[in-house]
Amino acid sequence: MNVEEIERLRGELAAFVAEVFASVPRRDQRAKGDCYLRGLMLDGRRKSIQPMAERLPDGDMQALQQFVNQSPWEHAAVLRAVARKTVPIVGPQVWVIDDVSFPKDGKMSVAVARQWCGALGKQANCQVAVSLHAASDTASVPISWRLFLPREWAGDAGRRAKAGVPERVEHREKWRLALDLIDEAIDWGLVPQVIVADAGYGQNTAFRHGLAERGLDFVVAVRSDESAHPHDAVPARPAWSGTGRKPAVRYRAPASSLKDLAAETGRKAYRQATWRKGSEGPMRSRFRVQSVRPAGVAARTQARAQAEGAALWDGVLPAVTLLSEWPVGAWAPTEYWLTGLGEQVPLRRLVGLAKMRWRIEHDYREMKHGLGLDHFEGRTWRGWYHHATLVTAAHVFLTLRRLDPKALAPA
């Protein structure tokens, strides 16, 4: 947007800021929030504080620096207000778990480490944040964020102090951060939807178990080499010789890969389904739904824990639904998802849920390329969360305008 366009939105933006920044007690701080949001939405290559301040007629670099990096306003309260206002308007069909990376130089930016960097497609020095989004066919918005604190930061008191990492924050795996985000959103009063995630989360048995424990439906991607037994496989206890420990119950045949289970009947078991209209027409492919029993050490450990110990476990691994995709022209199935939804769910709905994750790429594209999510140059924990919250608010403001200009009218 140019300056003239931003000025025409001043009234709508002021009403939006008054509502979602109501938890920020001081009027001058709310005014800085308004100014920062305008800076994020204003055209310009860099969306760090100095160039934004230079482009704004009322920009004050020192004041904005203080507002983002030092001011103690609570980012979670603002995100809660933004989510409560926006999510019902979006009308989500799914909640999407994902993560995003920010390449960095040096070692002092909060939570930076050499780790997998999706933005570069390789191991690199970067920050990683886990995010939760509400998505429908027509729109999606981020709900909240968790900055991943690498293990090497957990005991480094010097770096933690310089970056302002709160004492309560410890290293926590990304899948646990994802569950924390879901719990937080539910605590805010948001109605949970089907959870969708890529294989980075879906492959994790403990993550899937955590969703099931919460009574949440999910459709999560997994790799083709995930092992499982067919649904009708039955474990048995080998004969006991009469001496020594009785042998444990086990499946007679070794587990197969999902790729082998999905392809065992050939193409004839796959049915065509269309999930949405793309720029070049309906998007369709061929899919199969079947029931399987995920195997492996983690699956057995979870099953034993649910049975309250190995002595009480009957050896049966829980069944879930496998959705696989075998596109025309492919030699074998190419995509795989596990879901807690049963085989009775219509194929088109199941496919639509699995494919819904694409929608949040619009979020990341706008927040990174248009609103400067990855342009923050501060180094502190507080500053990072404040910037991410302000970018979220700017993205939501623009999303609401696209959905319905009247959505921003004062209540």
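The values are calculated or read from the model by the stated rules, or taken from the named source; none is laboratory data. Quick caveat, the model's predicted, so the values are computed rather than measured. So basically every Cβ, Gly included, is an ideal-geometry build from the backbone, and we count neighbours across all protein chains shown. Accessible surface areas use protein heavy atoms only, side chains included; no ligands, DNA or RNA. Shrake-Rupley method; radii C 1.70, N 1.55, O 1.52, S 1.80 Å.
Could you work out [θ]222 nm for the chain from helices alone, using -39500 (n - 2.57) per DSSP H run of at least four and dividing by all its residues? Round to the nearest 500 deg cm²/dmol.
My calculation for the chain gives -10500 deg cm²/dmol from helical runs alone.
Determine, from the Cβ-Cβ distance of Ser23 and Ala330 and an R0 of 41 Å, the FRET efficiency 1/(1 + (r/R0)^6), rounded to the nearest 0.05.
Taking R0 as 41 Å, the efficiency between Ser23 and Ala330 is 0.20.
Taking 0.36 nm per residue of separation and subtracting the Cα-Cα distance, what length does fully extending Lys122 through Ala307 add?
Stretched out fully, the Lys122 to Ala307 stretch lengthens by 62.5 nm.
Test of understanding: what is the full-extension gain from Ser257 to His369, defined as 0.36 nm times their sequence separation minus their Cα-Cα distance?
36.4 nm
Shape call for the range 39-92 from the C-alpha gyration tensor, a ≥ b ≥ c root eigenvalues: rounded (a/c under 1.5), prolate (a/b greater than b/c) or oblate?
Oblate.
Could you work out how far helix 174-187 tilts from the main Cα principal axis of the chain, as a 0 to 90 degree angle to the nearest 10?
70
Could you order Asp232, Asp374 so the one with the most accessible surface comes first? Probe is 1.4 Å.
Asp232, Asp374
In whole angstrom, how far apart do the alpha carbon centroids of the range 183-198 and the range 311-378 sit?
A separation of 16 Å, based on Cα centres.
Express the carbon and sulfur contribution to the solvent-accessible surface of the chain as a percent, rounded to the nearest whole number, probe 1.4 angstrom.
Reported share for carbon and sulfur atoms: 49 percent.
What angle do you read, to the nearest 10 degrees and between 0 and 90, between the alpha-carbon axis of helix 27-41 and the longest principal axis of the chain?
70
For a quick size check, give me the Cα extents of the chain along its three principal axes, largest first, whole Å.
84, 54, 38
Net charge near Trp313, counting Lys/Arg +1 and Asp/Glu -1 over other residues with Cβ under 12 Å of its Cβ?
On the way: positive: Arg237, Arg250, Arg300, Arg304; negative: Glu308, Asp314.
Here the count lands on +2.
Using only alpha-carbon positions, what ratio does the radius of gyration of the range 153-196 give when scaled by 2.2 N^0.38 Å? Before the final figure, lay out each step's value.
Numbers: Rg = 14.3 Å, N = 44, 2.2 N^0.38 = 9.3 Å.
Relative to the rule-of-thumb radius for its length, the range 153-196 sits at 1.55.
Of all trypsin sites (Lys or Arg not before Pro) in the range 112-206, which ones are in loop regions per DSSP and have a Cβ with at most 11 other Cβ atoms within 10 Å?
In loop regions of the range 112-206 (DSSP not H, G, I, E or B), the sparsely surrounded trypsin sites (Lys or Arg not before Pro) are Arg168.
Looking at the range 265-385 from every direction and averaging, what is the projected area of its Cα convex hull in nm²?
With every direction weighted equally, the projected area is 13.0 nm².
Lys and Arg at +1, Asp and Glu at -1: add these up for the other residues within a Cβ distance under 11 Å of Gly44 and post the number.
+2
Expressed as a whole number of Å, what is the distance separating the alpha-carbon centroids of the range 80-143 and the range 1-75?
Between the Cα centre of the range 1-75 and that of the range 80-143, the gap is 21 Å.
Give, as a single signed number, the net charge of other residues whose beta carbon lies under 13 Å from the beta carbon of Lys268, with Lys and Arg counted +1 and Asp and Glu -1. Mind showing how you got there, number by number?
Numbers: positive: Arg267, Arg271, Arg286, Arg288; negative: Glu264.
Every neighbour counted, the sum reads +3.
Accessible surface of Thr389 in the full protein assembly, 1.4 angstrom probe, to the nearest 10 Å²?
Result for Thr389: roughly 0 Å² accessible.
Amide H of Thr380 versus every other amide H placed in the peptide plane: which residues, excluding those fewer than 5 positions away on the same chain, fall under 5 Å?
Long-range HN contacts for Thr380: Val110.
So between Ala236 and Ala298, what do we pick up on full extension, going 0.36 nm a residue minus the alpha carbon distance?
20.3 nm
Helix 10-20 versus the longest principal axis of the chain: what angle, 0 to 90°, nearest 10, using Cα atoms?
Tilt relative to the chain: about 50 degrees.
Using r as the Cβ-Cβ distance of Asp198 and Arg45, and R0 as 35 Å, what FRET efficiency do you calculate, to the nearest 0.05?
Plugging the Cβ-Cβ distance into 1/(1 + (r/R0)^6) gives 0.70.
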